[in-house]
Amino acid sequence: MFKKLTLGLLLCLMSISGFCDEGMWLPIHIKRLYNRDLQKMGLQLTPEEIYSINQSSLKDAIVSLGGFCTGEIVSNQGLMLTNHHCAFGSIQTHSSVDHDYLTDGFWAKTRSEELPNEKLYARFLVRMEDVTRQVLSAVNEEMSAKERAQATRKVMEQLKSDAEEGTHYNVQVKSFYEGNEYYLFVYETFRDVRLVGAPPSAIGKFGGDTDNWMWPRHTGDFSMFRVYMSPDGKPAEYSPNNVPLKPKHHLPVSLDGVKEGDFAMILGFPGSTDRYLTSWGIDLALSKKNPTMIKIFQTRLETLKAIMNKNPKVRIQYASKYASLSNYWKYLIGQSKGLRRLHVYEEKQAIEEKFRNWINESPERQKEYGDVLSSFKNAYESLKPQEVPFRYAALTGRLIESMRFAEEFGMLETLLEADTVNQEKVKATVKNLKESAKKFYKDYNPATDEQVFANMLRLYYENIPAGDNRPEFFKAMQKAEFSEPETASPEAFKALARYVYQNSVFTSEEKLNSFLNNPKKGIISSDPVTLATEALAPVQMRLFPAIRQAYGQLVTAKRLFIKGIREENPEKLYYPDANSTMRFTYGSVGSYSPQDAVEYNYYTTLKGVMEKEDPNNPEFTVPSKLKALYEAKDYGRYADADGTMHVGFISNNDITGGNSGSPVINGKGQLIGTAFDGNWEAMSGDIAFEPNLQRTISVDIRYTLFVIDKFAGAGHLVEEMTLVKSEPPYQCPACKKGKKCKKCRKKAKKKKRKAKK
Ligand code: ARG
């Protein structure tokens, strides 16, 4: 990757259209990028117009949505745009078989119909600050990794509490470049965020999991929320008395559309990347981590799918759980493919070889960095044999819902088992658990979970050989008086699951409530679901010390590796890995060639939706209203100059998960699209950016407006926005070619002079 960066930088210096698009930059560092041809690429804003603490700037329209997605404010009344898949959980929560907003879409006709969402928040960045000096003043090179972590944590906590004092802000201090730099972030968090509208899944998730992570794409992956504040203008919990947010900035929306080579920038909250991963890390991912996780996820997905297809209630209950797991599952498959196809392992080895040679050039370097590469090697070597059993032990308990839920009850059991029971505490705990249970059971189907239990345990049994990492589990099961399956036959595991689900209090809302109404000690601890959870614990405990030690070693190695690499290449600007803080990425709209002899256009149109239509496949059904609009070419002002309806486009911006819903913004600071995905050919992009292949997939904002206005009949929302359209370029009546002939040039000049006056 670093090699590519040099090449990229070089190409960037040579070209206008820009190859220099790798990087998720901190907004306070945007100035550093301005010697990189940003203006030539088409950026017309100053750095202060993008990020400023003194005046309103683009950053004031950008929202971290619940910490997992990004949104952008598009009206002066707090209207926020994001992805359909970012709202998926909310839409699903508000849905039932009778009100199936997933299938039918949802549009609030008035403010009072907007739907509140518990726990969802909209977080704005007030300012950020480099606090590296303060944090690092607390450490020295003699400290152990543990001492260092303690010392930095103490300063970070102090900085946070100092900055929060007397304000209603939330402050975070985070490590960057693996502990080489530290930044402080001040946020204002609004907790009354209401669902305003979402298209039906046949638009918002068109193409489903089949098209997910792929281009060419025809998904209208957008939804709308509104952020509310208290009447006196402060963040507040949900209240009917709250009023729409008055934002410091909202993005104007461009009706111009995009062309190949157009400048495009994105501000958002990317979650995590691993761009400094070493060759040993890639080997672990390819040989152990990814294949194991893929297999485990796939078992759960297949089990869920079979039931969802038959049972409409389960289909809604499990829609969100299924979608997010399936998204990650496909991501891992694509990542492994990409890492192999693009020879990322070898690329990383080359970087490490260069680093090794650089270290060996001087004794000082040897002293500081001499152990770094061998630390990586040792740490990953010790992780490798643990990886598979540890994933099974950890993920099995996470992915079986009853087991995950049962973990919440540990505290209650401890309270009940105390010599003198603190009734007050028991009462409070029970109250919380009842709340939790209400939510849990709304989207829980015991019969489904029972099948997951059977199939996941069978997978565990089949893939982890008898020995320390397996038998404890089944022994514990025997203790609870069900026999260990003699063979790994599906029937044996089905019978086991049957027993557990019939006898547990966690697998029935009724049973659990009657327990909570009269909690007695011993019930939780002897519950078969608890026993299953406890049986997995020793495996994790046994593996954990070695894993913790290896990760501890990696902390120091990673910090020194990045420090060294930056020292080795002082001419290069290195950007930090994503960590859910606001980042800026710039680039341009553009096509790509995914493989030999294939070219992918940079945009898709509604025609492609009709081409993909398959009434027999729920992923590819097309709403009849959309078809009618297509046939009538009823696109209004949202059509492209060529008369077609553009749906999606791609650009070479550098984004990742968490960026979902991010605004794609043109050189004038206007919204041109909403980012929602990456492309299949560059799924290794979180580990190594691929300038020629990697693309951000976005919904063209005009398609979003078209769906809201023409399809959903919610034009009042479009009216709230600030739409802008550029004047068509001057056309000479004589030559019809713009400003080509002498006569036109003269005329154009005259017109300009007039306009100035
Ligand atoms: N791949 C997208 C992301 O991670 C999510 C797309 C959701 N769509 C779907 N069909 N699951 O941001």
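Condition first: among the aliphatic types (A, V, I, L, M) and either within 30 Å of Ala122 (Cα to Cα) or without any contact (Cβ under 8 Å) to a residue 40 or more places away in the chain (or both). Now tell me which residues in the stretch 561-589 satisfy that.
Those that are among the aliphatic types (A, V, I, L, M) and either within 30 Å of Ala122 (Cα to Cα) or without any contact (Cβ under 8 Å) to a residue 40 or more places away in the chain (or both): Ala578, Met582, Val589.
Looking only at the stretch 77-102, count how many residues are farther than 24 Å from Asp443 by Cα and open to solvent by 10 Å² or more (accessible area, probe 1.4 Å).
Counting residues in the stretch 77-102 that are farther than 24 Å from Asp443 by Cα and open to solvent by 10 Å² or more (accessible area, probe 1.4 Å) gives 1.
When the stretch 142-193 is examined, which residues are found to be farther than 18 Å from Pro27 by Cβ, aliphatic (A, V, I, L, M) and in a helix (DSSP H, G or I)?
Result: Ala145, Ala149, Ala151, Val155, Met156, Leu159.
Check whether at least one residue in the stretch 35-47 is within 16 Å of the ligand (Cβ to nearest atom), in contact with a helix residue (DSSP H, G or I) (Cβ under 7 Å, 6 or more places away or on another chain), not in a helix (DSSP H, G or I) and not hydroxyl-bearing (Ser, Thr, Tyr), and report yes or no.
No, there is no match, as no residue in the stretch 35-47 is within 16 Å of the ligand (Cβ to nearest atom), in contact with a helix residue (DSSP H, G or I) (Cβ under 7 Å, 6 or more places away or on another chain), not in a helix (DSSP H, G or I) and not hydroxyl-bearing (Ser, Thr, Tyr).
What number of residues in the stretch 86-104 are within 16 Å of the ligand (Cβ to nearest atom) and either of a type in the set (S, T, N, Q) or without any contact (Cβ under 8 Å) to a residue 40 or more places away in the chain (or both)?
Here is the first cut: in the stretch 86-104, the residues within 16 Å of the ligand (Cβ to nearest atom) are 86-92, 102-103.
Remaining after also requiring either of a type in the set (S, T, N, Q) or without any contact (Cβ under 8 Å) to a residue 40 or more places away in the chain (or both): 90, 92, 103.
So the count comes out to 3.
Condition first: surrounded by fewer than 21 Cβ atoms within 10 Å (Cβ to Cβ), closer than 11 Å to Glu450 by Cα and not basic (Lys, Arg). Now tell me which residues in the stretch 496-508 satisfy that. Walk me through how you get there before you give the answer.
Filtering the stretch 496-508 down to residues surrounded by fewer than 21 Cβ atoms within 10 Å (Cβ to Cβ) leaves 498-499, 502-503, 508.
Narrowing further to those that are closer than 11 Å to Glu450 by Cα: 498-499, 502.
Within the stretch 496-508, Tyr499, Gln502 meet the criteria.
Scan the stretch 654-683 and report the pairs whose first residue is within 13 Å of the ligand (Cβ to nearest atom) and whose second residue is at pLDDT 95 or above and aromatic (Phe, Trp, Tyr), with Cβ atoms within less than 6 Å and a gap of 6+ or a chain change.
From the stretch 654-683, the pairs are Gly658/Phe269; Ser660/Phe676; Thr674/Phe222; Asn679/Trp215; Trp680/Trp213.
Counting just the residues of the stretch 105-117 that are of a type outside the set (Gly, Ala, Ser) and under 25 Å from Ile672 (Cα atoms), which one comes out farthest from the ligand (Cβ to nearest atom)?
In this case the residue turns out to be Trp107.
Under 9 Å between Cβ atoms, at least 6 apart or on separate chains: pull out the pairs that start in the stretch 199-215 with a residue that is closer than 11 Å to Lys612 by Cβ and hydroxyl-bearing (Ser, Thr, Tyr) and end on any residue that is near the ligand (Cβ under 9 Å from one of its atoms) and in a helix (DSSP H, G or I).
As it stands, the answer is Thr210/Glu619, since those pairs meet every condition given.
Could you check Ile359 against (1) buried (at least 19 other Cβ atoms within 10 Å of the Cβ); (2) within 16 Å of the ligand (Cβ to nearest atom) and say which number it fails?
Failing condition for Ile359: (2).
Restricting attention to the stretch 624-653, which residues are among the small types (Gly, Ala, Ser) and away from the ligand (no atom under 15 Å from the Cβ)? It would help to see each step written out before you state the result.
We begin by selecting, within the stretch 624-653, every residue among the small types (Gly, Ala, Ser); these are 624, 628, 632, 636, 639, 641, 643, 648, 651.
If the condition is that a residue be among the small types (Gly, Ala, Ser) and away from the ligand (no atom under 15 Å from the Cβ), then Ser624, Ala628, Ala632, Gly636, Ala639, Ala641, Gly643, Ser651 are the ones that fit.
Looking at the stretch 207-246, which of its residues are part of a loop (DSSP other than H, G, I, E, B), within 16 Å of the ligand (Cβ to nearest atom) and either small (Gly, Ala, Ser) or modelled with pLDDT under 95 (or both)?
Gly207, Gly220
Are there any pairs with C-beta distances below 9 angstrom linking a residue in the stretch 356-370 that is without any contact (Cβ under 8 Å) to a residue 60 or more places away in the chain to a residue that is surrounded by 11 or more Cβ atoms within 10 Å (Cβ to Cβ) and aliphatic (A, V, I, L, M), with the two at least 6 apart or on different chains, and if so which?
Partner pairs satisfying both residue conditions: Arg356/Leu373; Gln366/Ile359; Gly370/Ile359.
Which residue out of Ala61, Ala87 is under 18 Å from Ile665 (Cα atoms) and either modelled with pLDDT of 95 or more or among the β-branched types (Val, Ile, Thr) (or both)?
Ala61
Is it true that Asn290 is open to solvent by 30 Å² or more (accessible area, probe 1.4 Å), in a helix (DSSP H, G or I) and either within 17 Å of Ser684 (Cα to Cα) or of a type outside the set (Gly, Ala, Ser) (or both)?
In short, no.
So how many residues does the stretch 684-703 have that are polar (S, T, N, Q), open to solvent by less than 10 Å² (accessible area, probe 1.4 Å) and either more than 16 Å from the ligand (Cβ to nearest atom) or in contact with a helix residue (DSSP H, G or I) (Cβ under 9 Å, 6 or more places away or on another chain) (or both)?
Counting residues in the stretch 684-703 that are polar (S, T, N, Q), open to solvent by less than 10 Å² (accessible area, probe 1.4 Å) and either more than 16 Å from the ligand (Cβ to nearest atom) or in contact with a helix residue (DSSP H, G or I) (Cβ under 9 Å, 6 or more places away or on another chain) (or both) gives 1.
Checking the conditions here, which among Val74, Val63 is open to solvent by less than 20 Å² (accessible area, probe 1.4 Å), in contact with a Gly (Cβ under 6 Å, 6 or more places away or on another chain) and not basic (Lys, Arg)?
Residue meeting the stated conditions: Val63.
Please list, ordered by first then second residue, the pairs with beta carbon atoms under 6 Å, 6 or more apart or interchain, first in the stretch 231-242 and surrounded by 10 or more Cβ atoms within 10 Å (Cβ to Cβ), second of a type in the set (Phe, Trp, Tyr).
Every condition considered, the pairs that remain are Pro235/Phe190; Asn242/Tyr228.
Among the residues of the stretch 118-132, are any buried (at least 21 other Cβ atoms within 10 Å of the Cβ), closer than 30 Å to Ile708 by Cα and within 16 Å of the ligand (Cβ to nearest atom)?
No; the residues of the stretch 118-132 include none that is buried (at least 21 other Cβ atoms within 10 Å of the Cβ), closer than 30 Å to Ile708 by Cα and within 16 Å of the ligand (Cβ to nearest atom).
Quick check on this structure: which one of Lys558, Lys511 is in contact (Cβ under 8 Å) with a residue 24 or more places away in the chain and either of a type in the set (Gly, Ala, Ser) or open to solvent by 30 Å² or more (accessible area, probe 1.4 Å) (or both)?
Answer to the selection: Lys558.
Name the single residue, out of those in the stretch 415-445 being free of Cβ contacts under 8 Å to residues at least 24 places away in the same chain and among the charged types (D, E, K, R), that is most open to solvent (accessible area, probe 1.4 Å).
Ranking the candidates gives Asp419 first.
The rows are residues; the columns are (1) closer than 30 Å to Gly71 by Cβ; (2) of a type outside the set (Lys, Arg).
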position: Thr585; (1), (2): yes, yes
position: Val598; (1), (2): no, yes
position: Thr605; (1), (2): yes, yes
position: Val609; (1), (2): yes, yes
position: Pro615; (1), (2): no, yes
position: Lys625; (1), (2): yes, no
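Name the single residue, out of those in the stretch 319-356 being within 16 Å of the ligand (Cβ to nearest atom) and in contact with a Ser or Thr (Cβ under 7 Å, 6 or more places away or on another chain), that is nearest to Phe88 (Cα to Cα).
Gln335
Any residue in the stretch 182-204 that is within 16 Å of the ligand (Cβ to nearest atom), open to solvent by 10 Å² or more (accessible area, probe 1.4 Å) and either among the small types (Gly, Ala, Ser) or under 30 Å from Val139 (Cβ atoms) (or both)?
Yes, the stretch 182-204 contains at least one residue that is within 16 Å of the ligand (Cβ to nearest atom), open to solvent by 10 Å² or more (accessible area, probe 1.4 Å) and either among the small types (Gly, Ala, Ser) or under 30 Å from Val139 (Cβ atoms) (or both).
The values are calculated or read from the model by the stated rules, or taken from the named source; none is laboratory data. It should be emphasised that the depicted structure is a prediction, and the values quoted were computed from it without experimental measurement. Cβ sites come from the backbone with ideal geometry, for glycine too, and all protein chains shown count toward neighbours. Accessible surface areas use protein heavy atoms only, side chains included; no ligands, DNA or RNA. Shrake-Rupley method; radii C 1.70, N 1.55, O 1.52, S 1.80 Å.
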